[in-house]
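Read the structure below first, then the notes.
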Amino acid sequence: MKKVSSIFVLVILILSAINAGAQKIPDSSKVNAGKMYLIIKNDGNKFVGKIISMDPREILIDTKNIGQVSIPKHEIKEMREVTESEISAKGDFKPSETFATRYFITTNGLPIQKGESYILWNWYGPDIQFGVGKNFGIGIMTSWLAMPVIASAKYSIELSKNTHLALGTLLGTGSWLAPHFGLALPFGSLTFGNRRNNITFSGGYGGVWGYGTDGGRVLCSVAGMAKISNKASLVFDSFIMPGIAGKNDYAALYMPGIRLQTSSNKAFQFGFAGIANTSGGFSPFPMVQWFRML
């Protein structure tokens, strides 16, 4: 299992390097006249407006704030059409939640964009996610002791404009400290809303094996977020293990908090997690996280 994990990490790094070096500029025949487009340059500067002309060397865009801007194609990192949710009632551009696919722990039905990747620094360890294909992402998470090591994969399906379904799985190993220990969690997530405001219902079956711990349980989650300003969002997450009939073994983890978008590619998230169980206990502890685009 340790060898498999190392190979998985290597594959992720190769795929991310391939995606990072590729420009995402649509063919001129696919550019819709009269539509709003977002252009992101290699230096991070962003321009939003209508495309006036486009040739093999440069793109001329008409922005609301500074007028017409000519941008050489070799300086463009990404160009895409802006969605309705990113345009305010006054016609201004309002960026969607950059890290909208994650809450505190769980994910949702929204896809990570192809070519995008981010790292989530937790107090207990790092979590890296990559958009390697259209609506398909993979990732890896671990603790500071590299135990356990958990790989993830998720494919998102757009059922309607504001309804998304994701099917995915988590596969883990005890790594160097417990090489015979393993875990698997296939899951599904149904999300209602958009990248700024949404609610998600998730469910799956978690199984573990090794060292006499073979077994499995149904796991579920309710999570959501609401953007309350250009930089702040309220976030709620949960991880619930329903009790089995005849057994007094219900347990749940609840995580309310707030996310602050400190820049276009960074965010800070803070909240409190509380563990509840059938004995009536509720033990809160802080959750501190840093998001950063790669």
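Set side by side, the residues Leu110, Leu120, Leu159 differ, and just one is hydrophobic (A, V, I, L, M, F, W, C) and farther than 30 Å from Val31 by Cβ, which is Leu120. Is segment 205-214 home to any residue that is among the polar types (S, T, N, Q) and not in a strand (DSSP E or B)? Within segment 205-214, one or more residues are among the polar types (S, T, N, Q) and not in a strand (DSSP E or B). In segment 183-201, the residues that are of a type in the set (Gly, Ala, Ser) and buried (at least 20 other Cβ atoms within 10 Å of the Cβ) reach residues that are modelled with pLDDT of 95 or more and part of a loop (DSSP other than H, G, I, E, B) with C-beta atoms within less than 8 angstrom, at least six apart or across chains, in these pairs: Ser189/Thr106; Ser189/Asn108; Ser189/Gly109. Inclusion of Phe201 among residues that are in a strand (DSSP E or B) and over 23 Å from the mean Cα position of the chain (by Cα) is not warranted. Evaluation of Gly109 against the conditions (1) farther than 26 Å from Phe181 by Cβ; (2) modelled with pLDDT of 95 or more; (3) part of a strand (DSSP E or B) shows that the sole unmet condition is (3).
Against the definition (under 11 Å from the mean Cα position of the chain (by Cα) and either in the same structural domain as Gly193 (by TED's automatic domain parsing) or not charged (D, E, K, R) (or both)), how does Asn122 come out, yes or no? No, not satisfied. Checking each residue of segment 257-265 against the condition of being farther than 30 Å from Asp43 by Cα and either in the same structural domain as Gly139 (by TED's automatic domain parsing) or touching a residue at least 24 places away in the same chain (Cβ under 8 Å) (or both) gives at least one match. Every condition in (1) surrounded by fewer than 16 Cβ atoms within 10 Å (Cβ to Cβ); (2) at pLDDT below 95; (3) not acidic (Asp, Glu) holds for Ala273 except the one numbered (1).
The values are calculated or read from the model by the stated rules, or taken from the named source; none is laboratory data. Remember, it's a predicted structure, so these values are computed and weren't measured experimentally. For neighbour counting, all protein chains shown are included, and Cβ atoms are generated from backbone atoms with ideal geometry for every residue, glycine included.
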